[in-house]
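Report on one structure; see the data block that follows.
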Amino acid sequence: MNFASDNVTGACPEVLQAVIDANESGPRMPYGNDAATQAIEARLGDVFDTEVKVLLVATGTAANSLALAALTPPWGAVYCHEEAHIQNSECGAPELFSGGAKLMPLAGPQGKLEAATLEAAIDRSGSVHHSQPAALSLTQSTEAGTLYRPAEISALTQVARGAGLHVHMDGARFANAVAALQCHPADITWKAGVDALSFGGTKNGCLAAEAVVFFRPELAENAAFLRKRTGHLFSKMRLLTAQFEGYLTDDAWLRHARHANAMATRLAEGLEKVPGIALHYPVESNQVFARFPRAVTQKLQAQGFQFYAEMHEGASRLVTAWSTRDEEVDAFLDATRAAADEAAA
């Protein structure tokens, strides 16, 4: 059983059916010039209740990097959390796509930045010797599985605006955040001051599809050229579009996210009852960070359970997904209790 991440799963039925339907619908113009792709902006505009400019890509790294390149000059500084995916897991792609922008990682409790930390970090010297403040990147839900509330986002974007920064949100698990907060998607994006969102689909049921959503369309002026130049303009774009059509239909994206979140809650509540195991972060979405005795971790991995051990300050990470089943969670909990009892004997 694999709890390593939510991208270990396959695609959800709604997405697969949409791709099949698009594939069987006959020839369509390439490079996004088909009717469905041209209509996706209106579709996502309805989701966010505002006018948007949208670029579809196949990976989260491409989405984040294209968005930041559109918001940041080569001499710009991008402020982010020290655990952010763009800082630790994208192999310098944001710097590459932007032509040299510098990431400025900041510390913050439970995976979140705080407004006072950002305020103190922004370099307002204007010195030609320094990278110039250009953007703030927030992750929602965070790499710790925690959530920014609307007021927290607004406090950060107010600081950013005061320093002339654009604001990007890495929403690889955006659906999980919306589902957990039970809010309108607008409340934690453009209404809270976010300029561009990497709206993730792959971790929540898509095959390979992410949407770069610009809430200020004028900021996307050069983004289409950046996408082409970096090799992310797909010839058969309609098949990426179809994934989002299936993902959004009948709120499949939120339904699957609610399920993943519920499985994480079930897992966390079970782990809290096992002696010797403690949760490391609050469980607010579909990621569980817990501290296991090393003997327990080794026993579980020897039995074939997959998860990232001792990932954050000694805490192991377990991620649930749209397809995680009750019996999978319960089997892990049963095995954990047995391993803990054996270790304590």
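The values are calculated or read from the model by the stated rules, or taken from the named source; none is laboratory data. Just so we're clear, the structure is a prediction, and the values are computed from it rather than from any experiment. We place every Cβ from the backbone using ideal geometry, glycine too, and count neighbours over all the protein chains shown.
In the set ALA186, ALA160, which member is touching a Leu at 6+ places or on another chain (Cβ under 6 Å) and either assigned to a strand (DSSP E or B) or in the same structural domain as LEU56 (by TED's automatic domain parsing) (or both)?
Working: ALA186 fails: touching a Leu at 6+ places or on another chain (Cβ under 6 Å).
When all the criteria are applied, what remains is ALA160.
Okay, residues lined up against (1) among the aromatic types (Phe, Trp, Tyr); (2) surrounded by fewer than 22 Cβ atoms within 10 Å (Cβ to Cβ); (3) out of contact with any strand residue (DSSP E or B) (no Cβ under 6 Å at 6 or more places or on another chain):
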position: MET169; (1), (2), (3): no, no, no
position: ALA172; (1), (2), (3): no, no, no
position: ALA180; (1), (2), (3): no, no, yes
position: ASP187; (1), (2), (3): no, yes, yes
position: LYS191; (1), (2), (3): no, yes, yes
position: GLY205; (1), (2), (3): no, no, yes
Practice task
Residues being under 25 Å from ALA177 (Cα atoms) and free of Cβ contacts under 8 Å to residues at least 60 places away in the same chain: count how many of those fall in the range 94-118.
Solution key: 15
Exercise for the section: Given the conditions (1) under 23 Å from PRO30 (Cβ atoms); (2) surrounded by 18 or more Cβ atoms within 10 Å (Cβ to Cβ), report the number of the one that PHE225 does not fulfil. Expected result: (2)
Practice task
Tell me, yes or no, whether the range 129-137 has at least one residue that is buried (at least 16 other Cβ atoms within 10 Å of the Cβ) and farther than 17 Å from THR72 by Cβ.
Solution key: no
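Scan the strands (runs of 3 or more DSSP E) fully inside the range 51-128 and keep the ones with 1 or more residues being more than 15 Å from the chain's Cα centre (by Cα), small (Gly, Ala, Ser) and over 26 Å from ALA242 (Cα atoms).
Numbers: elements: 53-57, 76-81, 102-106.
Filter on the range 51-128 gives 76-81.
Could you tell me how many of the residues in the range 276-321 are of a type in the set (S, T, N, Q), part of a strand (DSSP E or B) and within 18 Å of the chain's Cα centre (by Cα)? Reasoning before the result, please.
Taking the range 276-321 first, the residues of a type in the set (S, T, N, Q) are 285-287, 297-298, 301, 303, 306, 316, 320.
Filter once more, keeping what is part of a strand (DSSP E or B): 287, 306, 316.
Applying the additional criterion that residues be within 18 Å of the chain's Cα centre (by Cα) yields 287.
Going through the range 276-321 one residue at a time, the tally reaches 1.
Can you confirm whether LEU233 is in a helix (DSSP H, G or I) and either more than 19 Å from the chain's Cα centre (by Cα) or surrounded by fewer than 22 Cβ atoms within 10 Å (Cβ to Cβ) (or both)?
Details: in a helix (DSSP H, G or I): no; either more than 19 Å from the chain's Cα centre (by Cα) or surrounded by fewer than 22 Cβ atoms within 10 Å (Cβ to Cβ) (or both): yes.
The answer is no for LEU233.
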Handout entry: Close pairs (6 angstrom Cβ cut-off, 6 or more residues apart or separate chains): under 30 Å from ASP330 (Cβ atoms) and not assigned by TED's automatic domain parsing to the domain that holds LYS299 in the range 1-29, of a type in the set (Lys, Arg) and surrounded by 13 or more Cβ atoms within 10 Å (Cβ to Cβ) anywhere
Key = ASP6/LYS203; ASN7/LYS203
Exercise for the section: Scan the range 267-282 and give yes if some residue there is closer than 16 Å to VAL54 by Cβ and either modelled with pLDDT of 95 or more or assigned by TED's automatic domain parsing to the domain that holds THR189 (or both), otherwise no. Expected result: no
Practice task
Tell me, yes or no, whether the range 21-37 has at least one residue that is modelled with pLDDT of 95 or more and either within 22 Å of LEU103 (Cβ to Cβ) or in a strand (DSSP E or B) (or both).
Solution key: no
Exercise for the section: Would you point out the residue of the range 42-76, among those that are more than 16 Å from ASP195 (Cβ to Cβ) and in contact with a strand residue (DSSP E or B) (Cβ under 8 Å, 6 or more places away or on another chain), that is surrounded by the most Cβ atoms within 10 Å (Cβ to Cβ)? Expected result: LEU56
